[in-house]
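K.L.:
The structure is given below, and queries will be raised subsequently.
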Amino acid sequence: MDDRFGILERLASGVVVGDGGYLLELEHRGYVQAGPYTPEVVLEHPDAVRQLHREFRQAGSEVLQALTFYAADDKLQPRWGSRMTDEVNRAAVRLAREVACPDALVSGTVTQTTTYVPGDPASDRRAGVSFARQLDAQCDEGVDFVIAETFRYLGEARLALAAIVERGVPAMITLNVGPRGTGDGVDGPECARTLAGEGAAIVGVNCNWDPDMSLRVAAAMRAAVPAGAYVACQPVGFRTADPARPFTALEEFPLSLERLQLTRFDLARFAREAADAGIGYIGGCCGVGAYHVRAMAEALGRHPPASEKSPDLSRHVLPDVQARALPPPEPATLCGRIDESAVQVP
Ligand SMILES: [Zn+2]
């Protein structure tokens, strides 16, 4: 881990392209079970995890997230026993590091627990112990920074942030927050101010909402934090048209989400709009695959290795397909589609 080219130095010199979603993609491929969505795949089928890391890297991801989402006692212990938590966290970091070397960064990951209750000191202690256990294993293996993601409650995100700061690595905290704020009643900008004030180098949003709604909240966060703080936006790759319904509330979740799948052009537009809005860390979450990441990277002016195989429909055998060599016309803005009355941001 070279401090000169760490996450903060990269952000200071331009947009950082993140990766996409792991668990849903590995479920599609037959390596993760829908329902629990726990990441024991890092021990059972390490090659499957390496391969997906490789695909994101090839597509232009500058950061590979260790697959440690839900790698906590509350999710793993009931089925696998306590020892599994350390093994999964360590193995996940090692796999990401194998693929990331020498150029990409590796982030550790922690996420919301299943037992957090806002305002309950016992719940705070439980969450703190859980984060500490995961972070100790991940940091011992060597991560470049830590992403604490998919929090529905600001209170729990603050606990994760404190645990990361205590270990002296840069913290990126992204909330699972849509236009209507967190489960504990805080809007995105206030979350961003609070987390940046408590030491998060990067704040933002991830999961649950499509690029339009996620970017709307992330842009409001950008306006709320000092210039020296960075903002991340990692939306799902599915359309969520109703500001009151995240993708987990849709009837298609989780087994028929393909009906709502966004295209590579949607994600490319998102990347351009996000960069224009001052978002420093641009990636994806559930439903964002390697081809989406390549489209985002290219939209940001990058030429990752996978660009060698970017489409050239002018070479297609059918003339009517050749005529589609150019992408369809873009709407003026993605965000213009949102019902303004439903959005609670300053
Ligand atoms: Zn997600």
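K.L.:
Out of (1) within 19 Å of the chain's Cα centre (by Cα); (2) modelled with pLDDT of 95 or more; (3) not in a helix (DSSP H, G or I), what's the single condition that is false for Gly30?
P.N.:
That leaves (1) as the condition not met.
K.L.:
When the range 271-296 is examined, which residues are found to be more than 26 Å from Val49 (Cβ to Cβ) and of a type outside the set (A, V, I, L, M)?
P.N.:
Arg272, Glu273, Asp276, Gly278, Gly280
K.L.:
Collect the residues in the range 289-322 that are loosely packed, with under 13 Cβ neighbours inside 10 Å and under 14 Å from Ala271 (Cβ atoms), keeping them in residue-number order.
P.N.:
Matches in the range 289-322: Gly301 only.
K.L.:
Out of (1) acidic (Asp, Glu); (2) in contact with a Ser or Thr (Cβ under 7 Å, 6 or more places away or on another chain); (3) within 16 Å of the ligand (Cβ to nearest atom), the odd one out for Glu298 is which?
P.N.:
Every condition holds for Glu298 apart from (3).
K.L.:
Let me ask something additional. Mind counting the residues in the range 274-295 that are in contact (Cβ under 8 Å) with a residue 60 or more places away in the chain and either touching a Ser or Thr at 6+ places or on another chain (Cβ under 7 Å) or assigned to a loop (DSSP other than H, G, I, E, B) (or both)?
P.N.:
12
Okay, residues lined up against (1) away from the ligand (no atom under 16 Å from the Cβ); (2) more than 16 Å from the chain's Cα centre (by Cα); (3) in a helix (DSSP H, G or I); (4) in contact (Cβ under 8 Å) with a residue 12 or more places away in the chain:
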| position | (1), (2), (3), (4) |
| --- | --- |
| Asp19 | no, no, no, yes |
| Val42 | yes, yes, yes, yes |
| His53 | yes, no, yes, yes |
| Met84 | yes, yes, yes, yes |
| Ala96 | yes, no, yes, yes |
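K.L.:
Now for a separate question. Test each condition in (1) under 29 Å from Val15 (Cβ atoms); (2) surrounded by 15 or more Cβ atoms within 10 Å (Cβ to Cβ) for Trp80 and report the one that comes out false.
P.N.:
(1)
K.L.:
Say we look at the range 147-191 and pick out the residues that are part of a strand (DSSP E or B), at pLDDT 95 or above and touching a helix residue (DSSP H, G or I) at 6+ places or on another chain (Cβ under 6 Å); which of these is farthest from Cys286 (Cα to Cα)? Can you show your working first?
P.N.:
Step one: filter the range 147-191 for residues part of a strand (DSSP E or B), giving 147-151, 171-175, 178, 181.
Now drop any that are not at pLDDT 95 or above, which leaves 147-151, 171-175.
Next, from what is left, pick out any that are touching a helix residue (DSSP H, G or I) at 6+ places or on another chain (Cβ under 6 Å): 148, 151, 171, 173, 175.
Details: Ala148: 15, Phe151: 15, Ala171: 21, Ile173: 17, Leu175: 14 Å.
Selected residue: Ala171.
The values are calculated or read from the model by the stated rules, or taken from the named source; none is laboratory data. This one's a predicted model, so the numbers in the text were calculated from it and none came from an experiment. Reconstructed Cβ throughout: ideal geometry from the backbone, glycine too, with neighbour counts over all protein chains shown.
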